[in-house]
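Beneath this line is the structure, given in structure tokens, with notes to follow.
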Amino acid sequence: YPTRNEDDGGGATTAWVPLATVWAQIKARTGREIFQADSPTARGAFRVVIRYRSDVDPTMRLLWGDRVLEVRAVGDEDGTKRWLSCECEEYGP
């Protein structure tokens, strides 16, 4: 989850703190390449399903090995609070 660290000059940085290590089912949804600052950047969409947790929200990131998935939306998979579905996007070089 993100934490904000303010400095003496009035600025701030964001640091990422691990919350938990969990099992996940990861399915690729789409993949595309966009141009950002005149260089191609891969962008992929993934659906990640984990055991239900009430402390996951769209401000967070998921790590999958060395890949970073930004959480865009979360929801109770089947209404029973057994599984949590996270819609994520990956950004990378």
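Readers should treat all values here as calculations from the given coordinates under stated rules, not as data from a laboratory. What you see is a predicted model, and the numbers here were worked out from it, not measured in a lab. Here the Cβ positions follow ideal geometry from the backbone for every residue, glycine too, while neighbour counts run over all protein chains shown.
Values as computed for the structure displayed
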{"read-out": "Residues (more than 20 Å from Val56 (Cα to Cα) and exposed (fewer than 10 other Cβ atoms within 10 Å of the Cβ)) located in the stretch 13-30", "value": "Thr13, Thr30"}
{"read-out": "Residues (in a loop (DSSP other than H, G, I, E, B), under 16 Å from Leu84 (Cβ atoms) and not basic (Lys, Arg)) located in the stretch 53-72", "value": "Ser54, Asp55, Val56, Asp57, Pro58, Thr59, Met60"}
{"read-out": "Filter result (more than 8 Å from Cys88 (Cα to Cα), among the β-branched types (Val, Ile, Thr) and surrounded by 11 or more Cβ atoms within 10 Å (Cβ to Cβ)) within the stretch 51-73", "value": "Val56, Val68"}
{"read-out": "Matching residues, the stretch 5-31, being aromatic (Phe, Trp, Tyr) and part of a strand (DSSP E or B)", "value": "Trp16"}
